[in-house]
Amino acid sequence: MDTEILKNYPLCHRCFGRLYAKLLHTSNYERGRSLKMAKAIELESKLYPLKERTGYEEERRKIEEELAYLYRSGLTEIRGIEGVEVVGEDKCPWCKGIFQEKNLEELLEKTLNLLREYEYDTFLVGTVLPRSIKKLEESIKTPYMESIKQEFNRTMGKLIAEKTSKRVERENPDILILIDPYRKKIRLQLSPVYIKGRYRKLVRGIPQTRWPCRHCKGRGCEKCNYTGKRYSTSVEEIIAEPFMEAFKGRDEAFHGAGREDIDVRMLGNGRPFVLEIREPKVRRVNLEEIGEKINRSGIVEVLNLEYGNKRDVISVKNQPHKKTYLALVECEEEVSDRELSQLEKKLENLTIYQRTPQRVSHRRADLVRIRKVYRAWTERIDPKRFKLKLYCDGGLYIKELISGDQGRTTPSVSQILNKRCVCKELDVLEVHDQ
């Protein structure tokens, strides 16, 4: 063991032991004190025979200097050291006394006070280090060292677990407790609660998510009656509000498996979604009761509610879904039964090339999307109108598939029938996630 580190940094027993934390299964304090003690014995055994002999002044001086470094760092068992001040643990350049009992008790009390208003089962402690301490660690690093973060996390984690009867969870804790023990600052990071399910939108005229007013950008103005919203409500708000109230969250994010237009209903088995409640004070509520409350709105219904996780958000957003649509098509001219039968055949397994529709070109990249229609069914209503049911890839713009969007979608229903056709109503019947 080299005492050169102690020459530059009078590390306390605990911090010195941390330099060799991976070598012996004991506490850092005991390891550090024992290493210093062993070194002192080694040095004194060399010094002892030199005391009675002459001509060894330089060798004695070097040994006494090394012993002084050990003494200064808190090994007061060494005798005969004069004019050297012992550096107390609170002045150790690495820990600065953060492991002293009174300091730990103060931080523990502050932490428990912050935790009292939150419901949680698991937690994890994270230590925030000042830049100067990080630099010091780099300068004294050994292959066997553990960071002071690791020891402080372990120490505080045990204390909090003992006081709260909650358990430490390293992968996905309910609460991450970030402590700066040097400045005695503490903040909490709360993991979101995720609720997954499916929703049905029973009416036309409301968007999936909240739309800020285009004039005031959500701040509130005369145009939006100071609501900050372009539409009075949305699927997101109808679903999220009772959950936010129950979980006492700070805010939320709504993640849907695609979205339907404002004038399109979402029927059938519903669209998969995940609701993310951020910074919840409550983590467990009766999902069935909240679902019943949402369903009483008569506007939106939710099904299959259950707790989820962050991976569900990725799945909902990225997993491709085929869809079944039902459109009410109106043609400028009459359409025959034979033409409808031909339309069904031509649409089956048909590849569609669709340039970004004009109506969304202001917010979507202008590119050509390739999608496929797998099956089509028609049902006449009157000479110029018919129902068109489609089973197709997700991301296919159905209104433009029918109209052709001035040639931006090809082939289209209008092109196949050689008649100008428009979509008067549209419903999503099913989002296929199998």
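The values are calculated or read from the model by the stated rules, or taken from the named source; none is laboratory data. The structure displayed is predicted, hence computed values, not measured ones. Cβ placement follows ideal geometry from the backbone for every residue including glycine, while neighbour counts extend to all protein chains displayed.
Remarks
- Filtering segment 253-289 to residues that are within 25 Å of the chain's Cα centre (by Cα), farther than 11 Å from V316 by Cβ and assigned to a strand (DSSP E or B) leaves A253, I277, R278.
- Given (1) outside the structural domain of E42 (by TED's automatic domain parsing); (2) assigned to a loop (DSSP other than H, G, I, E, B); (3) free of Cβ contacts under 8 Å to residues at least 40 places away in the same chain, number of the condition E109 does not satisfy: (2)
- Annotation: G407 fulfils all but one of (1) surrounded by 15 or more Cβ atoms within 10 Å (Cβ to Cβ); (2) over 39 Å from the mean Cα position of the chain (by Cα); (3) among the small types (G, A, S); the unmet one is (1).
- Enumeration of residues in segment 46-63 that are β-branched (V, I, T) and outside any loop (DSSP other than H, G, I, E, B): I63
- The single condition from (1) part of a helix (DSSP H, G or I); (2) on the phi > 0 side of the Ramachandran plot; (3) of a type outside the set (G, A, S) that L43 fails is (2).
- Some residue of segment 168-176 being in contact (Cβ under 8 Å) with a residue 24 or more places away in the chain, touching a Gly at 6+ places or on another chain (Cβ under 8 Å) and over 21 Å from R14 (Cα atoms): yes
- Assessment of segment 125-134 against the conditions (more than 19 Å from L178 (Cα to Cα), of a type in the set (K, R) and out of contact with any Cys (no Cβ under 9 Å at 6 or more places or on another chain)) yields no matching residue.
- Yes/no for Y307 being aromatic (F, W, Y), buried (at least 20 other Cβ atoms within 10 Å of the Cβ) and in a strand (DSSP E or B): no
- Selected residue (criterion: farthest from the chain's Cα centre (by Cα)) from residues of segment 318-347 that are surrounded by 13 or more Cβ atoms within 10 Å (Cβ to Cβ) and among the charged types (D, E, K, R): E339
- Meets criteria (modelled with pLDDT of 95 or more, of a type in the set (V, I, T) and surrounded by 11 or more Cβ atoms within 10 Å (Cβ to Cβ)) for V302: yes
- Among residues of segment 10-51, those that are among the aliphatic types (A, V, I, L, M) and without any contact (Cβ under 8 Å) to a residue 60 or more places away in the chain, counted: 9
- Cβ-Cβ under 8 Å pairs, at least 6 apart or on other chains, segment 193-220 side within 15 Å of I299 (Cβ to Cβ), far side of a type in the set (A, V, I, L, M) and part of a loop (DSSP other than H, G, I, E, B): K201/I299; L202/I299; V203/I299; R204/I262; G205/I262; I206/I262; I206/I299; P207/I262
Let's see how each residue does on (1) among the basic types (K, R); (2) modelled with pLDDT under 95; (3) in contact with a helix residue (DSSP H, G or I) (Cβ under 6 Å, 6 or more places away or on another chain):
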| site | (1), (2), (3) |
| --- | --- |
| T3 | no, yes, yes |
| L6 | no, yes, yes |
| F16 | no, no, yes |
| E44 | no, yes, no |
| K51 | yes, yes, no |
| R61 | yes, yes, no |
| E65 | no, yes, no |
| A68 | no, yes, no |
| I78 | no, yes, yes |
